[in-house]
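The structure appears below as structure tokens.
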Amino acid sequence: MTVPKALALEAALAALNATGEETRLRLVALLTESELTVSELVAILGQSQPRVSRHLKLLVEAGLVERRREGAWAFFRLASSTPAGMMARGVIDRIDARDVLLAADRARLSEVRQARAESAAKYFAAHADEWNDIRSRHVPEAEVEEAVREAMGDRPIHLLLDLGAGAGRMLELFAPLAERAIGVDLSSAMLSVARGRLEKCGVRNVQLRQGDIYALPVERNSCDVAVMHQVLHYLDDPGRALREAARALAPGGRLIVVDFAPHHEEALREKHAHRRLGFSVSEISDLLSQAGLETLLQRDLAPGEKDFAKLTVSLWVARDPRINADFVPSPDYETV
């Protein structure tokens, strides 16, 4: 686990002063539990929007809380990776969990989470036929997910990045393996689905960000592992997306790409807006090389003999070459 820098005295005093008020302490306690909007916090606290916004502004200025815009909405969460945020979490951890006021806040937070889950369920139901149609065309999802898990390996992951997070399945599975995780998607509707899913699963170390995969809202050289799961076939310029992903990798960081092998299912283009009908091994390997990455491994997940009509799913693992990583491949992988 990364050890945060110590706080300067002045910064520590500012952080403590910011939490030294009832409403702001309640806000910090809530934002320790979940990423929330102003309207959600207003509903939980039963206070006016201007009052809640004013307190949030003070917490942001003190470095305790992070504000992130997603379209017309703004989301707030504890700045858990900063010294001030970690100090605030320590304060919350030492408050009696049975406190009547904080317990009531948590109960109302549960109602907010339930509303999110119901909204996500409605979205899933509305799109179930579309997603089931795509899944039915390739090898079982469980097989693909196990291949991604093997590609993750056993090395510590400080920051996991999911590019094109969609409904949040990759984050649900693999965020628990990391200290922190970030999911990026252009669609606010999909991010809402992912948020509800992660809340339901109890995954708390994820930050979801609305953003363009060609201009990622993440720091350069920051991610240990990035995942692009069934994303490239939607894009006009897959190479540009891979170059942007490469810029987000820390030295020695790994990029895991999952997509279809070349196929002739025109229905995916007509019904599901796929721009590309799969990618060859050489095409993705060349694009990874142009992005400055070294392809380590490639694996094809082909359907069985009885499923000859289904599609093959391909997986690539590439690495930032600035340092040598000690990733040990599974015997199932083919070294490129």
Share of antiparallel DSSP beta bridges in the chain, in percent to the nearest 5?
-> 55 percent
Tensor-based shape of the stretch 165-222 (alpha-carbon gyration tensor, a/c under 1.5 rounded, otherwise prolate or oblate) | oblate
Charges only on Cβ, +1 for Lys and Arg, -1 for Asp and Glu: so what's the dipole of the stretch 9-95 about the Cα centre, in debye to the nearest 20?
-> 140 debye
Just tell me, in residue order, which DSSP H segments of the chain are both 24 angstrom or longer along the helix axis (alpha-carbon based) and at least -1.0 in mean Kyte-Doolittle hydropathy.
-> 100-135
Quick one: Kirkwood hydrodynamic radius for the chain, alpha-carbon pairs, angstrom, one decimal?
-> 21.5 Å
Under 12 Å, Cβ to Cβ, from residue 112 - net charge with Lys/Arg +1 and Asp/Glu -1 | -2
Once the piece of chain linking residue 240 and residue 68 is laid out straight, how much longer is it, given 0.36 nm per residue of separation minus the C-alpha distance between them?
-> 59.4 nm
Charge tally for neighbours of residue 238 with beta carbon under 12 Å away, counting Lys, Arg as +1 and Asp, Glu as -1, is -2
Quickly rank 97-110, 75-88, 204-217 as a protection proxy: mean count of other C-beta atoms within 10 Å, highest first.
-> 75-88, 204-217, 97-110
Evaluate the stretch 218-324: find the radius of gyration of its Cα atoms, find its Kirkwood radius, and give the ratio Rg to Rh.
-> 1.01
Using +1 at the Cβ of each Lys and Arg and -1 at the Cβ of each Asp and Glu in the chain, identify which of 258, 86, 115 lies farthest towards the dipole's positive end.
-> 86
Sum up the charges of everything whose Cβ sits under 15 Å from the Cβ of residue 203, counting Lys and Arg as +1 and Asp and Glu as -1, but leave residue 203 out.
-> +3
Before rounding to the nearest 500, sum -39500 (n - 2.57) across all DSSP H runs of length at least 4 in the chain and divide by the residue total; then give [θ] at 222 nm in deg cm²/dmol.
-> -14000 deg cm²/dmol
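Since every read-out is calculated from the coordinates, none of them should be taken as a lab result. No experiment lies behind these values; they were computed from the predicted model shown. We place every Cβ from the backbone using ideal geometry, glycine too, and count neighbours over all the protein chains shown.
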